[in-house]
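The values are calculated or read from the model by the stated rules, or taken from the named source; none is laboratory data. Predicted, not measured: the structure shown is a model, and the values here were computed from it. A quick note on method: Cβ atoms are made from the backbone with ideal geometry, for glycine too, and the neighbour counts reach across all protein chains shown. To get the accessible areas, we keep the full protein, side chains included, count just its heavy atoms, and leave off ligands, DNA and RNA. Shrake-Rupley method; radii C 1.70, N 1.55, O 1.52, S 1.80 Å.
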Amino acid sequence: MSFNSFGHCFRFTTWGESHGPAIGCVVDGVPPRVPLTEAQVQARLDRRRPGQSRFTTQRQEPDRVKILSGVFEGVTTGTSIGMVIENTDQRSRDYGEILDRYRPGHADYTYQAKYGIRDYRGGGRSSARETAMRVAAGAVAEAVLRHLLGPACRVRGALVAMGGDAIDRAAWDWAEVDRNPFFCPDGAAAARWAQTLDAVRKAGSSLGAVIEVVADGVPPGLGEPIYGKLDSDLAAALMSINAVKGVEIGDGFASAALRGEDAHDRLYPGNGSEPRFETNHAGGVLGGISSGQPLVARFAVKPTSSLLIPQPSVTVTGEPVEVRTKGRHDPCVGIRAVPVGEAMTALVLADHLLRHRGQVGETWR
């Protein structure tokens, strides 16, 4: 009942804590003979790794991954893939002052209420450190997608708003995402955010963000019509990421302000029996099943809860107290959530791809 696993045919389980000796995961259901190396996984982890700019936590974790099983001579064997990352830069002493008090915005109280015990060192299992293994598992999922669908299937994410300041969508440039520390597709917005976040960081506060994930090359037909909808599983996957407070597919909440004729994605004759869509308000999903258009999802990440600004709280015995969180924290945790969102999207797609293949065969060929 601990729910440390996600997925059905393609399933992964994570383990470990922020200040434990290591974190790891087991990925099951991977088809055999899929090309996979540690270097592929490491490349994805390097995008999430902390300490790469002044805008992220300065915890210096190399996040070097080791593949322990399931890969032989550069390809998967069809058995479970085990991976591990050692924790090397813990500072548990930074959390000594909060061992008997609850930090506002964190899971301290709720973990204590549920289990009667909590790991106060960085939040233990509730720490975003766990997401490193989601990214490692996501790299395996991406390898499966490439193997079964080819290079046209690609999952990419970008930060599209920070602290209420959104990008100019007319300036969207995927190449720009790799040229700034925010994964931002708009260079002008990235420049603004740098100044804003510097001021927020120096003040000891934090900002929230909105991340958009786009999956191209998704074949039509993935997803189940009722309780296994592609978009509902994707929403659950993205909502499970630390600090996420909202998810939308396609136009999302904005669609509620449209008239019906403006919200529809009209169909026109296309390539053979496959129609062409004029728009993509639905975000690539109709009735819970992929339409063959790009899959588009956005998720909102709240401001980092760990603040240098003193906040009122209570102790474990209910006494009033003031909490000021020490340690090394992201002034905008949404930045490093971009590769995590990419990973969770790839994991959902790999799972649905294998479920689809098992039920109706390879209809995308």
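Taken over the stretch 308-365, residues that are of a type in the set (A, V, I, L, M, F, W, C), out of contact with any strand residue (DSSP E or B) (no Cβ under 7 Å at 6 or more places or on another chain) and assigned to a helix (DSSP H, G or I) amount to 8. Per the listing 222, 145, 197, the residue uniquely out of contact with any Asp or Glu (no Cβ under 9 Å at 6 or more places or on another chain) and farther than 21 Å from residue 47 by Cβ is 222.
There is at least one residue in the stretch 10-17 that is in a loop (DSSP other than H, G, I, E, B) and in contact (Cβ under 8 Å) with a residue 24 or more places away in the chain. Counting only residues that are of a type in the set (Gly, Ala, Ser) and over 16 Å from residue 137 (Cα atoms), the stretch 321-364 holds 4 of them. The residues on offer are 340, 316, 333, 323, and the sole one that is closer than 22 Å to residue 103 by Cα, in contact (Cβ under 8 Å) with a residue 24 or more places away in the chain and open to solvent by less than 10 Å² (accessible area, probe 1.4 Å) is 323. Starting from residues that are assigned to a helix (DSSP H, G or I) and in contact with a Pro (Cβ under 9 Å, 6 or more places away or on another chain), keep the ones in the stretch 169-180 and report whichever is most open to solvent (accessible area, probe 1.4 Å). The selected residue is 169. If a residue must be touching a strand residue (DSSP E or B) at 6+ places or on another chain (Cβ under 7 Å) and open to solvent by 10 Å² or more (accessible area, probe 1.4 Å), how many such residues does the stretch 137-146 contain? So the count comes out to 1.
The rows are residues; the columns are (1) in contact with a strand residue (DSSP E or B) (Cβ under 7 Å, 6 or more places away or on another chain); (2) open to solvent by 30 Å² or more (accessible area, probe 1.4 Å); (3) without any contact (Cβ under 8 Å) to a residue 24 or more places away in the chain.
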residue	(1), (2), (3)
135	no, no, no
150	no, no, no
160	yes, no, no
167	yes, no, yes
182	yes, no, no
188	no, yes, yes
206	no, no, no
214	yes, no, no
218	yes, no, no
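Residues checked against (1) loosely packed, with under 12 Cβ neighbours inside 10 Å; (2) out of contact with any helix residue (DSSP H, G or I) (no Cβ under 8 Å at 6 or more places or on another chain):
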{"position": "254", "(1), (2)": "yes, yes"}
{"position": "261", "(1), (2)": "yes, yes"}
{"position": "278", "(1), (2)": "yes, yes"}
{"position": "295", "(1), (2)": "no, no"}
{"position": "300", "(1), (2)": "no, yes"}
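The number of residues in the stretch 46-83 that are of a type in the set (A, V, I, L, M, F, W, C), out of contact with any Phe, Trp or Tyr (no Cβ under 8 Å at 6 or more places or on another chain) and either part of a loop (DSSP other than H, G, I, E, B) or modelled with pLDDT under 95 (or both) comes to 1. For the stretch 100-121, the set of residues classified as of a type in the set (A, V, I, L, M) and closer than 18 Å to residue 333 by Cβ consists of 107 only.
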